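Report on the structure given below.
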Amino acid sequence: MSVPTATGDELAGVVDLFGAVTREELGDALGELAFKRGEEVDEAAVEAAVDDAIEGYYLVAVDRDGTTLLAPGPVAFPTLPEDAEDLPHILDVPTRTVDRGVLAEAAERRLRADAARAVDADAAERIERLLDVSYDLETWGSTDVSGVRSRLDDALENHN
């Protein structure tokens, strides 16, 4: 894994080591992994990888006491990248827990907003992706998003 090509599951794996992290802490962890591998860190690529993981629901962002924390999301299968197991011993990052219900609420709010935008834009590919996310979210978060899924299904039917 190079930092710019980290998968959403790998990012979730790094985050899962600590429970939840800030963006800066995740960047530091990825920088440490790059250093261990003798790679250069491309800050823009790190930011893009984190943004992609959030957009793809591999990570969920929640506010806690004015700080935005990232935690593994509903589609993630957290996977530790090579050399990541030592990160908790190397970095000064506290272990945090975020209630799964809080994470599910944040993911559900985001799904509802993303679904509305995708339907309004008639973005079939995004709608299909969000349908998949809706099933994962229900299982992962014990929440009912069947109404969102119905709207996405209807939009797909009308698109074809």
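The values are calculated or read from the model by the stated rules, or taken from the named source; none is laboratory data. Treat the numbers as computed from the prediction; the structure is a model and nothing was measured. Note that each Cβ is placed from the backbone with ideal geometry, even for glycine, and that neighbours are counted across all protein chains shown. The accessibility values were calculated without ligands, DNA or RNA, using every heavy atom of the protein model including side chains. Shrake-Rupley method; radii C 1.70, N 1.55, O 1.52, S 1.80 Å.
If I take all pairs of Cα atoms in region 20-160, what percentage of them are more than 26 Å from each other? Counting every Cα pair in region 20-160, those more than 26 Å apart make up 33 percent. On a per residue basis, region 1-81 carries 44 Å² of accessible surface, using protein heavy atoms and a 1.4 Å probe.
Loop-located trypsin sites (Lys or Arg not before Pro) in region 62-149 (DSSP state not H, G, I, E or B) with no more than 16 neighbouring Cβ atoms inside 10 Å: Arg96. Given their separation in residues at 0.36 nm each and the Cα-Cα distance between them, Phe35 and Thr67 gain 8.8 nm when the chain is fully extended. Cβ-Cβ distance of Glu47 and Arg112, R₀ of 22 Å, FRET efficiency by 1/(1 + (r/R0)^6): the value works out to about 0.30. So how tilted is helix 43-55 from the main axis of the chain? Cα-based, degrees 0 to 90, rounded to 10. Value to nearest ten degrees: 40. Neighbours of Arg117 by Cβ distance under 14 Å: Lys/Arg scored +1, Asp/Glu scored -1, total +1.
Taking a virtual spin label 7 Å from the Cα of Thr79 along the C-beta vector, which residues in region 32-56 bring their backbone nitrogen under 16 Å of it? The answer is 53.
Computed over region 1-74, the range of Cα coordinates on each principal axis works out to 35, 22, 21 Å, biggest value leading. Volume of the convex hull of region 111-151 (Cα atoms only), normalised per residue: 51 Å³. Placing +1 on the Cβ of every Lys and Arg and -1 on the Cβ of every Asp and Glu, with nothing else charged, gives the chain a dipole about its Cα centre of roughly 500 debye. Helical runs assigned H by DSSP (4 residues or longer) give the chain a calculated mean residue ellipticity at 222 nm of -19500 deg cm²/dmol, each run adding -39500 (n - 2.57) before division by the residue total.
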